[in-house]
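Have a look at the structure below before the remarks.
The values are calculated or read from the model by the stated rules, or taken from the named source; none is laboratory data. These numbers come from a predicted model, not from an experiment. Please note: Cβ atoms are built from the backbone with ideal geometry, for glycine as well, and neighbour counts cover all protein chains shown. Remember, those area values only see protein heavy atoms, side chains included, never the ligands or the DNA or RNA. Shrake-Rupley method; radii C 1.70, N 1.55, O 1.52, S 1.80 Å.
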Amino acid sequence: MRVRVLYFARSREVAGAPEEALDLPPGATTSSLLDDLRSRHPGLAGVLTSCVVAVNHEYVAAGEAAELREGDEVAIIPPLSGG
Amino acid sequence: MEAENARLRAEVEALRARLRALEAAGASADAPRQQPDGSSCTAAAAAGAAAPAAAGARPSRAPPAGFVSPHGLTKPQAERYSRQLLLPAFGPAAQARLCAASALIVGCGGLGAPAALYLAAAGIGRLGLADHDAVEISNLHRQIIHSEARAGAHKAASAAAAVAALNSSVALDVHTEGLTPANAADLVRRYDLVIDASDNAPTRYLLSDAAAATGTPLVSAAAVGTDGQLTVYCLGEDGPCYRCLFPEPPAPGNCARCADAGVLGPVPGVMGVLQALEAVKILAGVGKPLSRQLLLFDALSGRFTTIKLRARAPDCAACGGGGGAAAAGDAAGGTGAQAEGPAGGACCSGRGSGSDARAPRGRMRPEDVAAFDYAAFTGQAAHDGAPPPLRVLPPDQRLAAAELRDRLAAAGLGGGDDRDGAANGASSSGSGGSGDSGGAAGCVLIDVRPTAQFGVMSLPGAVNLPFDSPERFRERHVASVLALASCGAGCAALAAGAAARDGGASGYGGAASATGSSGAAGAAPRGAAARAAAEQAAAEQQRPVYVVCRRGNHSQLAVQELRAAGLREVFDLAGGMEAWAAEVDPAMPVL
Ligand SMILES: [Zn+2]
């Protein structure tokens, strides 16, 4: 199945793109996706320790393994601190 | 028809007579001005009766004791805020609540500037302005509350001056000491609402904890680069706090600040205006606040996105658990302002502006906030100023700016009368120019600042090899520097340098992973190989290497790495480009 990953702020810099489409095996979850992302973009590991993950515009808790479905949109949102 | 005409003539006559009487009393000056402004508005129409009071000096016609609307608004308030009073979604009751409310703005920068101006303009009763920083010219592209004339002044005082000029009826508290763990809870407790317009992670945790510990709603926004975020914390029964969402602080390297990463001026402007809007909604009790919603702004695409957030986390270190205390906090806090309250009272006396009515929302109490080490927790200082200077290298491995200038000039890099021309040439031609002089000169000049900073201004002939961390510098750049240093003056170093950089980096990475996988057995040979390589590098060094950065911190760490790799003639510029600009080239911009 195919999901879209949207990168915000620092994660966009590290991933080098505002979004990417990924083919995931059936049964993939948010936590398995995050593992994938860490290996695709090693720099993301440090970003993912403190960020909001949202599936289809809804928050998913850090430790949660929410099941993903075809067409899901997963947003990686690190906090900004500037102002 | 005849009768109708007569009636109208009589009415006109009566009106003329009334007008003459008014003119005789000297009140005519006020009448025409009020008509276009507010005759359709009940408040303004009522205010007309009190017009002579405002005009003043009309002793012959004593005004009523002072107009007060049913909602407690005075005549000047009713007139000033008439466009909000006319708004069905807002109106006089909401205005009266706003006029009686108070807010603390933490940070008078890119977010705080528009937030303070709009809150003052909209008629907030009292505004606290907290910032420990001083106005700098590089702030003015976004911090529009300040001015060139107030450069060097405390930002909090400068912001207060602008607010006072905009709306003299707003009571102002200026907090130039900024927010500290010691004063945070006490400061926050004195206001109905807090606005996080700060620019760093430790202050964001501190302010959220203080808001949770005092049961104060927190309107939080941030902006870096072309991104903005906004949400409301600590509101109502289930509103989360900052720690509910981000229990772990970001790694310092992942926490860009405007001072380093840059920010497009209108981006914090947009977010700060939205903060003012959320604060107005909460304090006036209108609309639906952005609690449990994270608003994201992507300036480049012009898109706003809203993410639904979690409720307050039961295990949150700041606002979780707490039981009775949390319940008490919510009972006192409420979501604000449903009840109109007595005239002049407004919402916020209802939600506990008598400070003791508020209580911690969870397990963190004001004394816990004061005792918490936010700098250690986030690994960052709360102050946005320069990091403390490192002292890593011995003095004989560091050069003062004037000494480096002389050495560069002697080696054929920069210096001399055409220094400015060369500098311009290098910065306008970018990396091409740097490679050229990096090879032809009698020395190697390495600039380890981020590429974006290097792109704005650099010394002629400098090669840009950014320093992120000692590990990354070792992996990516040390081999390139060794190659450049071993290449004598006049060699075709442009090609050599490029080859060393590309090939060297990947070759080094390959070697590292090969030895890494061989485990303990590989350790001794690797150490020996490194020593041998270092000795070879020392023997082959043909040209001295000079390393510069912004302030002279990263350059020391880079020199350490290069010395560990075997270079002997390698020095850094003490004080970095800031020192260069101060001591050698005042025309060079300081970023
Ligand atoms: Zn919390």
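Collect the residues in the range B:119-155 that are among the aliphatic types (A, V, I, L, M), touching a residue at least 60 places away in the same chain (Cβ under 8 Å) and not in a loop (DSSP other than H, G, I, E, B), keeping them in residue-number order. Explain how you work it out, then say what you get.
Restricting attention to the range B:119-155, the residues satisfying the condition of being among the aliphatic types (A, V, I, L, M) are B:119-122, B:124, B:127, B:129-130, B:134-135, B:137, B:140, B:144-145, B:149, B:151, B:153.
After this cut, where a residue has to be touching a residue at least 60 places away in the same chain (Cβ under 8 Å) as well, the list is B:119, B:122, B:124, B:144.
Answer for the range B:119-155, where residues must be among the aliphatic types (A, V, I, L, M), touching a residue at least 60 places away in the same chain (Cβ under 8 Å) and not in a loop (DSSP other than H, G, I, E, B): B:LEU119, B:ALA122.
Kindly evaluate B:ALA222 against the criterion of being of a type outside the set (Asp, Glu), closer than 19 Å to B:ALA122 by Cα and either open to solvent by less than 40 Å² (accessible area, probe 1.4 Å) or within 14 Å of chain A (Cβ to nearest Cβ) (or both). Give the steps one after another, and end with the answer.
Values: of a type outside the set (Asp, Glu): yes; closer than 19 Å to B:ALA122 by Cα: no; either open to solvent by less than 40 Å² (accessible area, probe 1.4 Å) or within 14 Å of chain A (Cβ to nearest Cβ) (or both): yes.
Spelling it out, it is not the case that B:ALA222 is of a type outside the set (Asp, Glu), closer than 19 Å to B:ALA122 by Cα and either open to solvent by less than 40 Å² (accessible area, probe 1.4 Å) or within 14 Å of chain A (Cβ to nearest Cβ) (or both).
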Query raised in the report: Listed residues B:ASP199, B:ASP238; which is within 17 Å of the chain's Cα centre (by Cα) and not in a strand (DSSP E or B)?
Result: B:ASP199
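Go through the range A:26-72 and give me each residue that's part of a strand (DSSP E or B), within 14 Å of another protein chain (Cβ to nearest Cβ) and loosely packed, with under 15 Cβ neighbours inside 10 Å. Steps first, answer last, please.
Of the range A:26-72, the ones part of a strand (DSSP E or B) are A:29, A:52-55, A:58-60, A:67.
In the following step, the residues that additionally are within 14 Å of another protein chain (Cβ to nearest Cβ) were identified as A:52-55, A:58-60.
The one that is part of a strand (DSSP E or B), within 14 Å of another protein chain (Cβ to nearest Cβ) and loosely packed, with under 15 Cβ neighbours inside 10 Å: A:GLU58.
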Requested in this report: Look through B:VAL456, B:VAL463 and report the one residue that is closer than 26 Å to B:GLY566 by Cα and modelled with pLDDT of 85 or more.
Outcome: B:VAL463
Query raised in the report: Is there any pair with a first residue in the range A:2-28 that is in contact (Cβ under 8 Å) with a residue 40 or more places away in the chain and a second that is open to solvent by 30 Å² or more (accessible area, probe 1.4 Å) and aromatic (Phe, Trp, Tyr) whose Cβ atoms are under 7 Å apart and which are 6 or more apart or on different chains, and what are they?
Result: none
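Taking B:ALA221, is it within 20 Å of A:GLU58 (Cα to Cα), of a type in the set (A, V, I, L, M) and modelled with pLDDT of 95 or more? Give the derivation first.
Values: within 20 Å of A:GLU58 (Cα to Cα): yes; of a type in the set (A, V, I, L, M): yes; modelled with pLDDT of 95 or more: yes.
Against the criterion (within 20 Å of A:GLU58 (Cα to Cα), of a type in the set (A, V, I, L, M) and modelled with pLDDT of 95 or more), B:ALA221 qualifies.
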Report task. Search the range B:232-247 for residues that are open to solvent by 10 Å² or more (accessible area, probe 1.4 Å) and pair each with any residue that is basic (Lys, Arg) and within 8 Å of the ligand (Cβ to nearest atom) when their beta-carbon atoms are under 7 Å apart and the residues are at least 6 apart or on different chains. Result -> B:ASP238/B:ARG312
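Each row is one residue, and each column tells you yes or no for (1) modelled with pLDDT of 95 or more; (2) crowded, with 18+ Cβ neighbours inside 10 Å; (3) more than 14 Å from chain A (Cβ to nearest Cβ).
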| residue | (1), (2), (3) |
| --- | --- |
| B:PRO92 | yes, yes, yes |
| B:GLY123 | yes, yes, yes |
| B:LEU127 | yes, yes, yes |
| B:ASP131 | yes, yes, no |
| B:ALA164 | yes, no, yes |
| B:SER169 | yes, no, yes |
| B:ASP186 | yes, no, yes |
| B:ASP196 | yes, yes, no |
Requested in this report: With the checklist (1) within 12 Å of another protein chain (Cβ to nearest Cβ); (2) open to solvent by 30 Å² or more (accessible area, probe 1.4 Å) in hand, flag the one item B:GLY302 doesn't pass.
Outcome: (1)
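Residues are listed down the side, and each one gets a yes or a no for (1) of a type outside the set (Phe, Trp, Tyr); (2) assigned to a helix (DSSP H, G or I); (3) within 24 Å of B:VAL286 (Cα to Cα):
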| residue | (1), (2), (3) |
| --- | --- |
| B:PRO70 | yes, no, yes |
| B:GLU79 | yes, yes, yes |
| B:ALA94 | yes, yes, yes |
| B:LEU98 | yes, yes, yes |
| B:ALA103 | yes, no, yes |
| B:LEU117 | yes, yes, yes |
| B:ALA161 | yes, yes, no |
| B:ALA165 | yes, yes, no |
| B:LEU179 | yes, no, no |
Query raised in the report: When both residues are 6+ apart or on different chains and their Cβ atoms are under 7 Å apart, which pairs have a first residue that lies in the range B:362-380 and is more than 18 Å from B:SER198 (Cα to Cα), and a second that is among the polar types (S, T, N, Q) and within 14 Å of the ligand (Cβ to nearest atom)?
Result: B:PRO366/B:THR214
Query raised in the report: Applying the selection to the range B:225-278, what residues are within 16 Å of the ligand (Cβ to nearest atom), at pLDDT 95 or above and more than 9 Å from chain A (Cβ to nearest Cβ)?
Result: B:THR231, B:VAL232, B:TYR233, B:CYS234, B:LEU235, B:GLY239, B:PRO240, B:CYS241, B:ARG243, B:CYS244
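Out of curiosity, is B:ASP468 open to solvent by 70 Å² or more (accessible area, probe 1.4 Å) and either modelled with pLDDT under 95 or of a type outside the set (Gly, Ala, Ser) (or both)? Don't jump to the end; show me each part of the working.
Values: open to solvent by 70 Å² or more (accessible area, probe 1.4 Å): yes; either modelled with pLDDT under 95 or of a type outside the set (Gly, Ala, Ser) (or both): yes.
Yes; evaluated as a whole, the condition is true for this residue.
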